[in-house]
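Contents: one structure, followed by commentary.
Bear in mind that the values in this text are calculations on the coordinates, not laboratory data. Remember, predicted model here, so these are calculated numbers, not experimental data. Here the Cβ positions follow ideal geometry from the backbone for every residue, glycine too, while neighbour counts run over all protein chains shown.
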Amino acid sequence: MMATFLSWSIMISQILLALAMACASYRVLWGPRAQDRVLALDTLYVNASILLLTFGIRTGSNLYFDAALIIALLGFVSTAALAKFLMRGEVIE
């Protein structure tokens with residue numbers, strides 16, 4: 001019974017995460033300002049890493065956890081670089 005409940009909850013969470021990624025993609029493509037697009041990219045990489053974690057839980061493979069960690073690290077660095085670029089106009093001083 002618990003395995004069935006876990007399986008259904010993971011499937012529902014994956015569907016909702018895919019829907020959240022679609023909404024964030026919409027904001028990236030048609031955002032009114034650059035700041036909105038940066039926040040949407042930030043949301044997109046967080047949702048992608050969580051989606052990979054749910055795939056890892058569902059399949060039991062450790063490869064998804066490593067990929068989620070790499071996406072989270074690269075996403076953080078890219079968000080910080082884009083925010084600095086929007087504030088100052090340059091990334092490297």
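Worth pointing out:
- Protection-proxy order for peptides 7-14, 33-40, each taking the mean of Cβ atoms within 10 Å per residue, highest first: 33-40, 7-14
- Relative contact order (percent, whole number), region 2-86, Cα cutoff 8 Å, 6+ residue spacing: 28
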